[in-house]
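Here the structure comes first, spelled out in structure tokens, and everything after it is commentary.
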Amino acid sequence: MSLKKAVAAEEAVVLLRTRICNPNFIFSLFNDSSDSNYSKLKFIVSSSVTEACNNSILLLGPRGCGKIAVLDLVLEDLLKEYPEMISVIKLNGLLHCDDNCAIKEIARQLCIEHELMFSKMASFDDNSQFMIDMLRECGLAHKTVIFVLDEFDLFAQGKQRLLYSLLDAMQSVSSQAVVIGVSCRLDADQLLEKRVRSRFSHRKLLFLPPQKEDLQRLAKYILLLPTDSSLPPDYVLEFNSRISNILADKRLIEVIDKLSDSDSTFSNFLRFLFSAVSYIDLKTGLMTLDNFKSALSTIHRQPKLDCLKDCSILELYIMVCMKRLEVKEQESYNFNSVMKEYKTIHDSFQTSDNYSRSVCLRAFEHLLERQLIEFADRGHNQSIEFRSVKLLIAPSELHQGLKSNRSCPAILQKLMES
Amino acid sequence: MSQEEEETPQTTTTRRTTRLSSSSNHTQNETLKKPITNLPSLTLKNLTFTHNNKPFTYDDLISSLPGRKPQIAEILRLLGPVNSPLSPLFVYGSSSTGKTSTILQVFKYLNRPFVYSSCRSCYNARQLFDNVLNQIMLHRRNGSNGYSGVKKCEKAADFVNFLKEGLRSVVEGLDGDMVYLVFDSLELVRDWDKSCTILPLLFRLSDVLKVDGVGLVFVSGASIDTYHSDTGFVDPVPVYFPDYTEEDLRQIFMRNQSNLKLRSAFLDVVLKPFCRVTRRLDELSTALSPLYEKYCEPLDDLSVVPNEETKRRLFSCIQPHIAPALNEIFRVKSQQSLEAGGKEGLKRKTSSKKFGTSDSIDDLDFHMSTSAKYLLVSAFLASRNPATLDASFFDSTGGSANQKKKRKSSEKSRDLKEASEQEMFMKGPGTFPLERLLAIFQCITSGLEDSLEEEEEGLQGGTGLGGNGGENSLMSDILLQVSSLCSANFITKGGSCPLEGSTRYRSTVSDDLALKVARSLKFPLSKYLYRR
């Protein structure tokens with residue numbers, strides 16, 4: 001009995017994780033209303049396909065709000081509706097921002113679509129000529145070519161040759177192309193050159209982070225197990241009733257509020273759900289409120305405070321010395337001045353933690369690695385002892401860190417306050 | 001020899017063959033005749049850790065990584081059951097906290113296929129791409145393919161395309177099992193050339209690839225907030241590895257020891273003071289292992305269980321060694337101590353060392369030629385003294401005219417002196433052009449040459465020409481020595497003067513080292529140093 005339950009629990013966890021990691025599933029929730037971005041985008045693209053005209057559009061919104069996911073859903077649906085009338089070329093600004101690379105990739109994808117031989121040795125001119133010819137041919141055959149430019153703002157760096165040639169090719173009567181740019185910069189269209197911008201239709205779709213009610217709906221949509229799957233029905237019933245109870249609980253609403261107050265995008269929420277699902281105890285196979293609370297603490301980490309908790313006492317001494325130098329309003333100080341301060345502390349308080357210069361230098365380098373301090377100048381001309389440094393944490397953080405460090409001597413706290 | 005002579009008349013081609021190339025052709029022919037033993041080609045099974053027929057249980061996993069039980073539990077629950085999709089994981093923590101070993105051991109325990117590449121051994125993007133592709137496409141570099149990678153991949157676009165193909169075939173071959181890509185030492189990617197595109201690409205790799213059945217795990221020494229990016233990237237799920245606590249360190253140091261009680265007594269004494277300085281495992285182990293040897297020295301029988309009295313005795317023996325060990329970073333056995341048979345040399349050293357002061361040993365730990373030592377001292381003087389005072393220091397009277405009469409310093413001059421000292425602290429050593437270094441060197445060594453000449457004259461009655469010739473022949477050697485001092489980092493290249501365009505140098509030796517070198521040459525360094 002328990003073995004069956006464990007197997008069912010595992011299957012349920014795999015199902016939930018698959019749902020969370022699948023953007024198509026998630027964003028299909030919001031596509032039903034008529035003024036959603038999905039319907040708008042679908043309308044624009046399908047109308048350009050059916051009316052055989054050119055179009056361009058920008059999808060803008062912060063990262064993790066579902067731009068590419070909604071676009072993929074639209075394209076999937078359109079490919080089903082109008083087979084043989086659409087071919088999709090996908091480019092990414094991270095990979096193809098160089099013009100040669102981009103044109104080569106376009107040529108390669110066109111060749112794969114139409115089952116032609118792709119030659120790796122073709123030059124930039126050959127490839128661009130090929131692209132123009134293909135566009136003309138597709139236009140004559142009433143086939144629309146959809147160009148998806150991910151990370152559009154990276155294409156807009158440099159000379160924008162690719163953008164110009166794409167948008168220019170669209171201006172001819174015989175071509176049927178749609179250019180869809182996706183960017184997380186809300187001013188991506190301002191980055192375009194004048195000649196490119198004039199050829200660009202200023203259509204923009206804004207993808208906004210979700211409201212709190214949307215997050216609730218999404219959580220229910222993802223976490224409720226389907227009743228018609230291969231899982232045992234009584235387990236599914238129990239699981240779903242548990243989920244509904246938790247989702248209606250005020251404490252969970254508080255947790256979700258706390259989460260979305262810091263970062264309200266979809267991707268953050270999905271990370272939270274992923275973490276919560278991974279906390280499911282496979283013996284019981286049910287979710288509890290504690291799963292969600294532990295997930296929140298995993299997502300909300302404070303790396304600098306964790307670092308401070310891990311520092312050794314000598315490293316804490318060095319940071320306290322730096323803070324004291326800052327309080328004394330020395331605009332710039334380096335390792336030598338920190339050592340001088342360290343020595344004066346030891347002379348006045350006679351502590352037992354008086355270590356040699358080389359050991360202190362090693363601790364100083366550890367602090368640099370942890371990025372709790374940083375060099376304030378950019379040159380590498382001087383050796384490490386003479387370059388000016390600065391603290392990267394605020395005095396209040398340092399204070400909190402000293403308190404949380406288990407082995408911090410009391411004198412350091414006193415020095416911080418004085 | 002005769003074979004080579006036969007070779008060279010035979011190769012009467014237009015290309016001139018040197019002796020070396022003809023001899024290497026010869027050896028190449030020889031190696032081709034030997035049978036080449038190939039390693040077996042890679043299969044999909046090579047993507048998982050092999051077990052050697054011994055099952056690796058959960059208890060083995062926990063016991064092989066002491067102090068990491070909560071982190072192992074976290075990683076196991078995030079990786080999830082078999083074939084469950086994975087949001088990218090970001091494992092971070094400071095160095096030597098066991099991140100890499102934990103990840104590898106977890107994959108060994110779970111018996112899942114993975115591809116591991118370290119951004120430390122692959123020092124740029126192309127190497128990284130090469131490494132990942134070779135592993136995915138099960139390619140082994142050997143003599144038959146000329147030790148080349150499987151695909152020539154310079155750009156990220158090609159990498160993504162090849163990776164897609166490779167991953168699809170791997171996932172098919174594994175019947176739909178997931179394969180994991182592990183990227184280690186990710187913090188080094190921040191310093192690479194095109195890091196502003198490579199880092200976001202790596203973090204978004206699962207989106208860009210759009211291949212099912214791939215999980216990404218990143219291991220980094222720095223937390224995610226130190227990865228700066230223009231337009232940001234979607235954060236992966238973080239897993240934090242804190243530093244080892246003292247109890248964990250104790251557990252680690254007790255492993256694989258023959259005499260546990262003795263080791264535990266040693267750790268009781270030593271661990272706490274050392275943990276105040278650093279809690280990094282690698283530094284502690286290098287510091288503690290020689291101390292442990294010293295601790296066990298008085299014992300005749302190493303397997304004896306110490307009672308209270310023995311413990312006290314051992315403690316009193318080791319105590320004077322603890323404080324000096326705390327103050328040094330690593331001990332390199334110098335030539336003198338090895339030759340002197342240890343005891344006498346050490347005695348001399350320990351008596352001259354004072355409790356708690358900076359590490360200063362009277363003698364130099366390394367050997368340098370006399371001219372190199374003079375060069376070092378000249379560089380030190382050139383960096384410390386302002387150039388305008390050279391004439392007064394290095395005139396023919398040997399700088400003795402520079403001794404000002406001591407006047408009672410007024411408050412204003414004392415303030416000025418403090419301010420200039422502060423400036424000295426901040427600015428560091430100054431730069432000097434090569435000509436100034438050589439001029440100072442000439443001045444210093446000309447005094448020496450004269451004294452040597454006098455000795456020679458006294459002995460043999462030689463002429464002055466010999467001295468001059470000796471100086472000239474010394475010159476070319478000096479320039480070589482300057483470059484070797486540069487590579488030893490005693491002199492570094494500073495910025496170049498914008499007017500002249502020549503490079504300027506800077507001396508990076510500490511005051512102590514310069515003093516030691518000068519003392520070994522019997523050179524009165526303090527007379528030549530500028531005191532404000």
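Say whether the condition of being open to solvent by less than 40 Å² (accessible area, probe 1.4 Å) and farther than 29 Å from A:Val13 by Cβ is met by at least one residue in the stretch B:71-94.
For the stretch B:71-94, residues open to solvent by less than 40 Å² (accessible area, probe 1.4 Å) and farther than 29 Å from A:Val13 by Cβ: present.
Among the residues of the stretch B:195-217, what is the count of those that are farther than 20 Å from B:Ser185 by Cβ, surrounded by fewer than 20 Cβ atoms within 10 Å (Cβ to Cβ) and hydrophobic (A, V, I, L, M, F, W, C)?
Residues that pass the stated criteria total 2.
From A:Ser337, A:Ser358, which residue is assigned to a helix (DSSP H, G or I), closer than 20 Å to B:Gln422 by Cβ and within 9 Å of chain B (Cβ to nearest Cβ)?
The match here is A:Ser337.
Within the stretch A:340-355, take every residue that is assigned to a helix (DSSP H, G or I) and buried (at least 18 other Cβ atoms within 10 Å of the Cβ) and give me the one that is farthest from the other protein chains (Cβ to nearest Cβ).
A:Ile345
Return the residues of the stretch A:70-95 that are within 14 Å of chain B (Cβ to nearest Cβ) and either in a loop (DSSP other than H, G, I, E, B) or without any contact (Cβ under 8 Å) to a residue 24 or more places away in the chain (or both); say none if nothing qualifies.
A:Gly93, A:Leu94, A:Leu95
In this structure, does B:Tyr240 turn out to be in contact (Cβ under 8 Å) with a residue 12 or more places away in the chain, open to solvent by less than 50 Å² (accessible area, probe 1.4 Å) and more than 8 Å from chain A (Cβ to nearest Cβ)?
no
Looking at the stretch A:36-56, can you tell me whether even one residue there is away from every other protein chain (no Cβ under 14 Å), touching a residue at least 60 places away in the same chain (Cβ under 8 Å), in a helix (DSSP H, G or I) and under 26 Å from A:Pro226 (Cα atoms)?
Checking the stretch A:36-56: not a single residue is away from every other protein chain (no Cβ under 14 Å), touching a residue at least 60 places away in the same chain (Cβ under 8 Å), in a helix (DSSP H, G or I) and under 26 Å from A:Pro226 (Cα atoms).
Restricting to the stretch A:298-312, name every residue that is open to solvent by 10 Å² or more (accessible area, probe 1.4 Å) and either more than 22 Å from B:Phe274 (Cα to Cα) or more than 35 Å from the chain's Cα centre (by Cα) (or both).
A:Ile299, A:His300, A:Arg301, A:Gln302, A:Pro303, A:Lys304, A:Leu305
Is the stretch A:173-187 home to any residue that is of a type outside the set (Ser, Thr, Tyr), assigned to a helix (DSSP H, G or I), farther than 20 Å from A:Val70 by Cα and out of contact with any Gly (no Cβ under 7 Å at 6 or more places or on another chain)?
No; the residues of the stretch A:173-187 include none that is of a type outside the set (Ser, Thr, Tyr), assigned to a helix (DSSP H, G or I), farther than 20 Å from A:Val70 by Cα and out of contact with any Gly (no Cβ under 7 Å at 6 or more places or on another chain).
Counting just the residues of the stretch B:265-317 that are of a type in the set (Val, Ile, Thr) and part of a helix (DSSP H, G or I), which one comes out nearest to the other protein chains (Cβ to nearest Cβ)?
Only one residue tops the list, namely B:Val277.
Within the stretch B:165-191, which residues are surrounded by fewer than 16 Cβ atoms within 10 Å (Cβ to Cβ) and under 37 Å from the mean Cα position of the chain (by Cα)?
The one that is surrounded by fewer than 16 Cβ atoms within 10 Å (Cβ to Cβ) and under 37 Å from the mean Cα position of the chain (by Cα): B:Asp191.
Suppose the filter is at pLDDT 90 or above, open to solvent by 40 Å² or more (accessible area, probe 1.4 Å) and more than 9 Å from chain B (Cβ to nearest Cβ); does A:Glu374 pass it?
So A:Glu374 does not fit the description; no.
Mind listing whichever residues of the stretch B:95-118 are hydrophobic (A, V, I, L, M, F, W, C), open to solvent by 10 Å² or more (accessible area, probe 1.4 Å) and within 27 Å of the chain's Cα centre (by Cα)?
B:Leu104
Over 20 Å from B:Pro524 (Cβ atoms) and at pLDDT below 50 - does that describe any residue in the stretch B:450-459?
The answer is yes; a qualifying residue exists.
Given the criteria more than 28 Å from the chain's Cα centre (by Cα), modelled with pLDDT of 85 or more and either open to solvent by 30 Å² or more (accessible area, probe 1.4 Å) or of a type outside the set (Lys, Arg) (or both), does B:Leu375 qualify?
So B:Leu375 does not fit the description; no.
When you check A:Ile26 against the structure, is it at pLDDT below 90 and either open to solvent by 40 Å² or more (accessible area, probe 1.4 Å) or among the aliphatic types (A, V, I, L, M) (or both), yes or no?
When the stated conditions are applied, A:Ile26 passes them.
The values are calculated or read from the model by the stated rules, or taken from the named source; none is laboratory data. All values derive from a computational prediction rather than experimental measurement. A quick note on method: Cβ atoms are made from the backbone with ideal geometry, for glycine too, and the neighbour counts reach across all protein chains shown. What goes into the accessible areas is simple: the full protein's heavy atoms, side chains included, and nothing from ligands, DNA or RNA. Shrake-Rupley method; radii C 1.70, N 1.55, O 1.52, S 1.80 Å.
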